[in-house]
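K.L.:
I'd like to ask you about the structure that follows.
The values are calculated or read from the model by the stated rules, or taken from the named source; none is laboratory data. Small disclaimer: the values here were computed from a predicted structure and weren't measured. With ideal geometry, Cβ positions are generated from the backbone for all residues, glycine too; neighbour counts draw on all protein chains shown.
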Amino acid sequence: MGRNLALNADITASSYIEPYTPDRAVNGIVSEPTSRWLCAAIPGWLCVDLKKSCWIGQWTVKSIGGNAGWPVNYCMTSFCLDSSIDGNNWKTVDTVFGNIDNNCTRMLSIPVCARYFRVITYNDGGLQANKSVASVMELELIEKEVSVLTSLIIKDKEEHTATLTPVFHSDTLSYTTNVGYDSERITVIPVASTTNAAITVNGLELIEGKASVDLITGSNKIEIKVTSPDNYTVTYLVTVTRASSPYMTSVKFTGIRFSGFVKTTYNYNLSAGTLTTTAVTPTTEDSEAVVVITLNGVVYNKGQSIPLSIGDNPINIAVTSKTGVDNRIYVFKVNKKN
């Protein structure tokens, strides 16, 4: 195991009785009876700020019982360890009930990465000799060396790099990203901090350092596991949203003969003869796609009469995916004669 990161760290408490301030619970001294935190009321807590996210694999609560000449039945009995990235949103990491150890050391089955850690004492969970009183002589948070990702790249069908939200960081375990409708498959390229770490993507091993993942339209969960040689596993989750279809399948213009539409062709020239108006009726591959029809910046509804001027009239049809982020713009230059 690594360093005790709680040693002399910034620490606060829900309350304390002078002179038993919370900093005495992280000063490394267990031989002096006064070198301890004494809570004024329970439930109560001690909170350590490590100043940056760190990996913790073991934690210890040392009680006054059995230390500095105190009887052994002055140990803490029931408490838990919480973690938080931001100091506001907390997650319970480990829980202890009915403890009788004066130096209660707990190994975490899965290391926890966080900036803030707090020990909470429950009602009637204080000292064995007096459960209405909470006192901690020393709190230890032991750093764990784990294999993590140092890089995570996701490429779409066109080999464009998808933007991760938030920006990738080794200590951030959850991300979202968007890819276009045409990306029915993505390439995941994860790189670990140690060369002997094992990486899987949705349970499959990498091939030449990457993995291909098929996508459905909408939300797709990509689970990337990094396992250290000692079998500690860190799991990253990327939620990839593949956009729904932004394609048109056909379009009709009132009074204009038009055929040969192809959904992947975006520019057309049409002849309106001497027509003074036309109306556009597009059909989309996804019936819920958002369609906007414009001519010279003026928006028209489907089937609404559109006035035509002499010369070219560039009618734009923008189709935006209902789900995810993708769009297509079709341009129809409708030429009107005198």
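K.L.:
Can you find a residue that is at pLDDT 95 or above and closer than 16 Å to Gly180 by Cβ anywhere in the stretch 307-318? If you could, list the steps in order and put the result at the bottom.
P.N.:
From the stretch 307-318, those at pLDDT 95 or above are 307-318; that's our starting set.
This time we only want the ones that are closer than 16 Å to Gly180 by Cβ, so: 318.
Yes, there is a match, as at least one residue in the stretch 307-318 is at pLDDT 95 or above and closer than 16 Å to Gly180 by Cβ.
K.L.:
So, one more: Can you name every one of the strands (runs of 3 or more DSSP E) wholly within the stretch 285-338 that holds 3 or more residues which are not hydroxyl-bearing (Ser, Thr, Tyr)?
P.N.:
Details: elements: 290-295, 298-300, 305-307, 311-320, 327-336.
Per the criteria, 290-295, 311-320, 327-336.
K.L.:
Restricting the first residue to the stretch 20-31 and requiring it to be at negative phi, which pairs with a second residue that is surrounded by fewer than 17 Cβ atoms within 10 Å (Cβ to Cβ) and among the charged types (D, E, K, R) meet a Cβ separation below 8 Å and a spacing of at least six or different chains?
P.N.:
none
K.L.:
Right, next: Does Asp214 meet the test of being charged (D, E, K, R), under 24 Å from Ser147 (Cα atoms), exposed (fewer than 12 other Cβ atoms within 10 Å of the Cβ) and over 20 Å from the mean Cα position of the chain (by Cα)? Please lay out each step first, then the result.
P.N.:
Numbers: charged (D, E, K, R): yes; under 24 Å from Ser147 (Cα atoms): no; exposed (fewer than 12 other Cβ atoms within 10 Å of the Cβ): yes; over 20 Å from the mean Cα position of the chain (by Cα): yes.
Spelling it out, it is not the case that Asp214 is charged (D, E, K, R), under 24 Å from Ser147 (Cα atoms), exposed (fewer than 12 other Cβ atoms within 10 Å of the Cβ) and over 20 Å from the mean Cα position of the chain (by Cα).
K.L.:
Can you tell which of Thr21, Thr34, Thr12 is touching a Cys at 6+ places or on another chain (Cβ under 8 Å) and among the hydroxyl-bearing types (Ser, Thr, Tyr)? Walk me through how you get there before you give the answer.
P.N.:
Working: Thr21 fails: touching a Cys at 6+ places or on another chain (Cβ under 8 Å); Thr34 fails: touching a Cys at 6+ places or on another chain (Cβ under 8 Å).
That would be Thr12, the only listed residue that is touching a Cys at 6+ places or on another chain (Cβ under 8 Å) and among the hydroxyl-bearing types (Ser, Thr, Tyr).
K.L.:
Only one of these conditions is not met by Met248: (1) within 19 Å of Ala318 (Cα to Cα); (2) surrounded by fewer than 18 Cβ atoms within 10 Å (Cβ to Cβ); (3) among the aliphatic types (A, V, I, L, M). Which number is it?
P.N.:
Among (1) within 19 Å of Ala318 (Cα to Cα); (2) surrounded by fewer than 18 Cβ atoms within 10 Å (Cβ to Cβ); (3) among the aliphatic types (A, V, I, L, M), Met248 violates only (2).
K.L.:
Of all residues in the stretch 249-265, which are small (Gly, Ala, Ser) and not in a loop (DSSP other than H, G, I, E, B)?
P.N.:
Within the stretch 249-265, the subset small (Gly, Ala, Ser) is 250, 255, 259-260.
Matches in the stretch 249-265: Ser250 only.
K.L.:
Here's something else I'd like to know. Which of the residues spanning the stretch 322-331 are more than 14 Å from Ser219 (Cα to Cα) and either surrounded by 18 or more Cβ atoms within 10 Å (Cβ to Cβ) or of a type in the set (Gly, Ala, Ser) (or both)? Let's see the steps before the verdict.
P.N.:
Within the stretch 322-331, the subset more than 14 Å from Ser219 (Cα to Cα) is 326-331.
Residues satisfying the conditions are Asp326, Arg328, Tyr330.
K.L.:
Give me the pairs, please: first residue somewhere in the stretch 234-256 and within 18 Å of Tyr181 (Cα to Cα), second residue anywhere and among the basic types (Lys, Arg), beta-carbon distance under 7 Å, and either six or more positions apart or on two chains.
P.N.:
Thr239/Lys221; Ser244/Lys322; Pro246/Arg328; Tyr247/Lys263; Tyr247/Arg328; Met248/Lys263; Thr249/Lys263
K.L.:
One residue is enough: does the stretch 242-259 have a residue meeting the conditions at pLDDT 95 or above and within 30 Å of Ala192 (Cβ to Cβ)?
P.N.:
yes
K.L.:
Considering only residues of the stretch 40-58 that are of a type in the set (Gly, Ala, Ser) and surrounded by 16 or more Cβ atoms within 10 Å (Cβ to Cβ), which is farthest from His169 (Cα to Cα)? Let's see the steps before the verdict.
P.N.:
Here is the first cut: in the stretch 40-58, the residues of a type in the set (Gly, Ala, Ser) are 40-41, 44, 53, 57.
Retained after the next criterion (residues that are surrounded by 16 or more Cβ atoms within 10 Å (Cβ to Cβ)): 44, 53, 57.
Numbers: Gly44: 33, Ser53: 11, Gly57: 20 Å.
Checking each candidate, the answer is Gly44.
Listed here are the residues, each with its yes/no results for (1) surrounded by fewer than 16 Cβ atoms within 10 Å (Cβ to Cβ); (2) of a type in the set (D, E, K, R); (3) modelled with pLDDT of 95 or more.
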| site | (1), (2), (3) |
| --- | --- |
| Glu18 | yes, yes, yes |
| Thr60 | no, no, yes |
| Gly65 | no, no, no |
| Leu81 | no, no, yes |
| Ile85 | no, no, no |
